[in-house]
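Everything on this sheet refers to the single structure shown next.
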Amino acid sequence: MAQQTLKQKLEILADAAKYDASCASSGTAKKNSLGGKGVGSTEGMGICHAYAPDGRCISLLKVLLTNHCIFDCHYCINRKSSNVRRARFTPQEIADLTLNFYRRNYIEGLFLSSGIIKSSNHTMEQMVECARILREDHDFRGYIHLKTIPEADPELIHQAGLFADRISINVELPTTKGLTRLAPDKDEGQIEGALAGTKAQIIQAKDERKRFRHAPRFAPAGQSTQMIVGADDANDTDIVSKASRLYGNFGLRRVYYSAFSPIPDASAVLPLKRPPLMREHRLYQSDWLMRFYGYAPGEVAQATGADGNLPLDIDPKLAWALKFRGAFPVDVNRAAKEQLLRVPGLGTTAVGRILAARRHRTLRLDDVARLTQSIAKVRPFLVALDWRPTNLTDRADLRALLAPRQEQLELF
Amino acid sequence: MASTASAALSAALAPHYTVCLPAPDDFAFWRERARALIQCGVPPERVSWAEPGATGDLFAMQGESDEGNLPDAPDDAPDDAPDDAPDDAPDAAAPVRASKRFITLARNAALHSDPQRFGLLYRMLWRLQSNPRAMEDKADPDIRRIEELSKSVRRDSHKMHAFVRFREVIGEGASESDERPHYAAWFEPDHHIVRANAGFFMRRFANMDWSILTPRGCIHWDGAVMRESGPAERSDAPQGDPVEELWKSYYASTFNPARLKVGAMLSEMPKKYWKNLPEAELIPDLIAGAQSREAGMVAAGEREERERPATLAAIAAGISRCRDCAIADCGTRAVMGEGAPGAALMIVGEQPGDHEDIEGRPFIGPAGQLLGEYLQRARIDRRAAYVTNAVKHFKFVQKGKRRIHQSPAAKEIDTCRWWLEAERAAIGPRVVLALGASAARGILGKTVSISQARGAPIPLDDGSQLWVTVHPSYLLRLDGAAREEQAARFADDLAAVSAAVSAGVKAAARAAGMEPAE
């Protein structure tokens, strides 16, 4: 076979990497290139340098080191039995590519993952080498996210954490059954063991930083993971409870959901259909409810329907409110923050504004309208100085009033 | 406040002031003048603010204004002290106070291109003197407006951080001093944000020589000093950069056509920015091709939606029509398994060979005959078993007149697995014997190593057990001692299977004996 050009390799390996959802470049230690030799800065807020027509932001150069893989996970485009074109970068090539893109302000940094070649340790060594070239040879101070391999030696993962801002390990599927069926070479115990090991190292490094000013940072942007939605038969209750367990046990910054989408040359085991994007969106909303709105995982589960899945036509917060109407209406002028956060249509910003504004005036419905996105949506759940929803909160067709209208298609 | 009262007294007579700002983003200048005006008690309606190039507001046209002449402000108004710091100036002027929140918002809002912004900020500063906590009332229209201005400036700055695209300047003037390349970018901000964001780019690209050219002024950094220059035009910026080709191919490859969401992209990357983004020229084609790419991928994997045939006859009819993989298109016939329905043992081979394809029956070639001998020796009745293959068509390459066997690819085994599963469900064997790695993959769905898997049963989902051993054609390829050794192991494996089958049959008979006959 003819030697592949850099462009061909980039096409293959970027295409192979796009199923990883994460592109966050925020929340890491602040650094800049003043006084250094290279380029790069991270100032807290992530920057999305471009958006692809799939609506996803492009913040990092997201590539694989190689898409050769000795594993045979059915959902994965790079599995051993797949017929995709294969390619392999050297660590130096990736480092050069990253710097060339970074200098032109295309990206915030690098998100490096890899198929497993030879052995887990060999692959992990190559990835760490790439991060080392960037950090040590080029004094690169941008963002680096390394996907680590759970089977790799803990010492290698430790080195990865010293170079990277964030490290992550994918749990892939929400249930053990799904994992054994679809990723026969992966082991849940090993994945969770690696997550726990990383958590311990993050905590230790934080503690060392408190005692010694020059102690090295270990993955200052924490660790994250990803779950595939729609490849197995796990329902939303399973997924939400798995996610909350992961947040609780392993101190994760984020759990990403990736709707299983058709891949070229797919395994015969998996149904290929349109990716469940709305379901993925509802799961992210439920994730927000747990992280920012004070909902317990059990309460999110209460919002699911009979099949254990969240409704697709309305958001989970509204679904919960419609089920527990006894908790409403709440008085905007008196209710506690926690109660206001449960009102469908009030976000954390709006609640903050209401709390600040009501120290100065008793809020009328008009005032609330100025502070929120849509008054029609919040009205049935609120009491204001000049507003009382009376029967509205208890109407049987409230759901129909609030759900986005289904549009009748025209004959064509 | 005393100054407020005196201003009110002389309201009718008081002059109108126009302050001309030296630059549209000079917040420090505005702050100094606003402080002085407030100390002199000049109410908001008597001040207009003019930025360079603009005519100020309507009052400035009336000719009765004191252009730029401030009232007798206290001479030593604290220039540098923050507004909320205690004022130690010896004169009688009261200190001007504002909340931190106001200063943060005002600093941003002052960069907006709205000509009313300085008047609005002055009005708010005026109100803050009588009500220091006024900023907390988020429902107030003035505060809402200031927040809007500040927000759109922040957004514009953020988009500048994101969408500035440097191009390497090649050629004359670039390499006069040393080897360091120079990078230049063209950007069109909505507001007066260029100078305010110089620090961001300096911190990020501290060791790089770069220029950002905009219609509102340019900034240049040479690794040590930041310089400013006047407005530039688009043609001043360099055109093209070889790395852009790589970037564009990255952009196209990282897009997933199955997740097309144009609205989400447009809300974050509006079309007005596209003309300065090299990758944006790909967008129309990517969108246009997305649906067919997705449909193609879905169609390729559509079969799973079909209903699985339940009887052997339906499977036989189905496989002869099946064209789900390339092997089926070779002009060969599909070879169905054969044997007793309800057999206790199911024997799975790899795929039909030359003889099997001609005859249309499984395991009748040389390997089949060898298998027959060994089965007999292990006292397994082939006629009581069900014999089939993991792949139903013969895969070969033509060499002269001979058809040379080719191993099926994993993907082809997985595709045919659908039929094998249907056969297994229709027969319901208690023991499955897989001959070779392809057969094992056909049953398990994953590749196992024969040497590790042989010799012990592997439990299957439906309660039956799988035994794995080598394919008899493997023995045909060996000679001498190696063949004898492997033949002995093969015989051992079959003996174990035989024992398992008879144990299973006995157990089933016992179970049937306890239950009354149907």
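The values are calculated or read from the model by the stated rules, or taken from the named source; none is laboratory data. These numbers come from a predicted model, not from an experiment. Note: ideal-geometry Cβ built from the backbone for every residue, glycine included; neighbour counts use all protein chains shown.
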Only residues that are more than 11 Å from chain A (Cβ to nearest Cβ) and surrounded by fewer than 17 Cβ atoms within 10 Å (Cβ to Cβ): list them for region B:202-223, please. B:215, B:222
Considering every residue within region A:240-250, establish whether at least one is in contact with a Leu (Cβ under 6 Å, 6 or more places away or on another chain), surrounded by 21 or more Cβ atoms within 10 Å (Cβ to Cβ) and outside any loop (DSSP other than H, G, I, E, B). yes
I need the full set of residues from region A:24-45 which are touching a Ser or Thr at 6+ places or on another chain (Cβ under 8 Å), buried (at least 20 other Cβ atoms within 10 Å of the Cβ) and not polar (S, T, N, Q), in order please. A:24, A:39, A:40
Only one of (1) buried (at least 22 other Cβ atoms within 10 Å of the Cβ); (2) among the acidic types (Asp, Glu); (3) without any contact (Cβ under 8 Å) to a residue 40 or more places away in the chain fails for residue A:108. Which number is that? (3)
Take the conditions touching a Leu at 6+ places or on another chain (Cβ under 9 Å), more than 14 Å from every other protein chain (Cβ to nearest Cβ), at pLDDT below 90 and surrounded by 14 or more Cβ atoms within 10 Å (Cβ to Cβ) and apply them to residue A:320. Does it pass? no
Testing residue B:393 on (1) assigned to a loop (DSSP other than H, G, I, E, B); (2) free of Cβ contacts under 8 Å to residues at least 40 places away in the same chain, one condition comes back false. Which one is that? (2)
Inter-residue pairs, beta-carbon under 6 Å, first more than 7 Å from chain A (Cβ to nearest Cβ) and within 23 Å of residue A:260 (Cβ to Cβ) and in region B:250-272, second of a type outside the set (Ser, Thr, Tyr) and part of a helix (DSSP H, G or I), 6+ apart: B:252/B:282; B:257/B:290; B:257/B:293; B:257/B:294
Residue check, residue B:390 under 51 Å from the mean Cα position of the chain (by Cα) and crowded, with 22+ Cβ neighbours inside 10 Å: yes
Kindly establish whether residue A:19 is crowded, with 24+ Cβ neighbours inside 10 Å, among the aromatic types (Phe, Trp, Tyr) and either over 29 Å from residue A:227 (Cα atoms) or more than 7 Å from every other protein chain (Cβ to nearest Cβ) (or both). no
Name the residue, out of B:72, B:142, B:156, that is of a type in the set (Asp, Glu) and either at pLDDT below 75 or touching a Phe, Trp or Tyr at 6+ places or on another chain (Cβ under 8 Å) (or both). B:72
Can you find a residue that is crowded, with 17+ Cβ neighbours inside 10 Å, within 40 Å of the chain's Cα centre (by Cα) and within 14 Å of chain A (Cβ to nearest Cβ) anywhere in region B:395-404? no
Based on what the data block shows, is residue A:294 touching a strand residue (DSSP E or B) at 6+ places or on another chain (Cβ under 7 Å), away from chain B (no Cβ under 14 Å) and modelled with pLDDT of 90 or more? no
Residues that are touching a residue at least 60 places away in the same chain (Cβ under 8 Å) and either over 45 Å from the mean Cα position of the chain (by Cα) or buried (at least 16 other Cβ atoms within 10 Å of the Cβ) (or both): find the helices (runs of 4 or more DSSP H) completely inside region B:421-502 holding 1 or more of those. B:436-444, B:472-476
Could you please find all residues in region A:37-58 being at the interface with chain B (Cβ under 7 Å from one of its Cβ atoms) and part of a loop (DSSP other than H, G, I, E, B)? A:37, A:38, A:39, A:40, A:41, A:47, A:48, A:49, A:52, A:53, A:54, A:55
Among the residues of region A:232-262, write down those that are touching a Gly at 6+ places or on another chain (Cβ under 6 Å) and either of a type in the set (Phe, Trp, Tyr) or within 14 Å of another protein chain (Cβ to nearest Cβ) (or both). A:232, A:259, A:260
Out of curiosity, is residue A:286 in a helix (DSSP H, G or I) and either hydrophobic (A, V, I, L, M, F, W, C) or surrounded by 20 or more Cβ atoms within 10 Å (Cβ to Cβ) (or both)? yes
Residue among B:337, B:349, B:365, B:331 that alone is surrounded by fewer than 24 Cβ atoms within 10 Å (Cβ to Cβ) and modelled with pLDDT of 85 or more: B:365
Yes or no: region B:380-390 includes at least one residue that is within 14 Å of chain A (Cβ to nearest Cβ) and either at negative phi or at pLDDT 85 or above (or both). yes
Options A:209, A:166: the member that is over 26 Å from residue A:283 (Cα atoms), modelled with pLDDT of 90 or more and out of contact with any Asp or Glu (no Cβ under 8 Å at 6 or more places or on another chain): A:209
In region B:379-390, what residues are touching a Ser or Thr at 6+ places or on another chain (Cβ under 8 Å) and within 16 Å of residue B:338 (Cβ to Cβ)? B:380, B:390
Residue under evaluation residue A:73, criteria (1) in a loop (DSSP other than H, G, I, E, B); (2) within 10 Å of chain B (Cβ to nearest Cβ); (3) more than 24 Å from the chain's Cα centre (by Cα), criterion not met: (3)
Just a yes or no: is a residue in region A:260-271 in contact (Cβ under 8 Å) with a residue 60 or more places away in the chain and not in a loop (DSSP other than H, G, I, E, B)? no
Failed item in (1) crowded, with 20+ Cβ neighbours inside 10 Å; (2) within 10 Å of chain A (Cβ to nearest Cβ), with residue B:199 passing the rest: (1)
State whether one or more residues within region A:137-147 are farther than 23 Å from residue A:254 by Cβ and among the hydrophobic types (A, V, I, L, M, F, W, C). yes
Taking region A:318-333 only, how many residues are among the aromatic types (Phe, Trp, Tyr) and in contact with a Phe, Trp or Tyr (Cβ under 8 Å, 6 or more places away or on another chain)? 2
Out of the residues in region A:155-192 meeting the condition of being surrounded by fewer than 21 Cβ atoms within 10 Å (Cβ to Cβ) and closer than 21 Å to residue A:64 by Cα, tell me which one is farthest from the other protein chains (Cβ to nearest Cβ). A:158
Residues that are under 14 Å from residue A:111 (Cβ atoms) and part of a loop (DSSP other than H, G, I, E, B), drawn from region A:146-168: A:148, A:164, A:165
Kindly indicate the residue of region A:346-398 that is of a type in the set (Asp, Glu) and away from every other protein chain (no Cβ under 13 Å) and also nearest to residue B:151 (Cα to Cα) among those meeting that condition. A:386
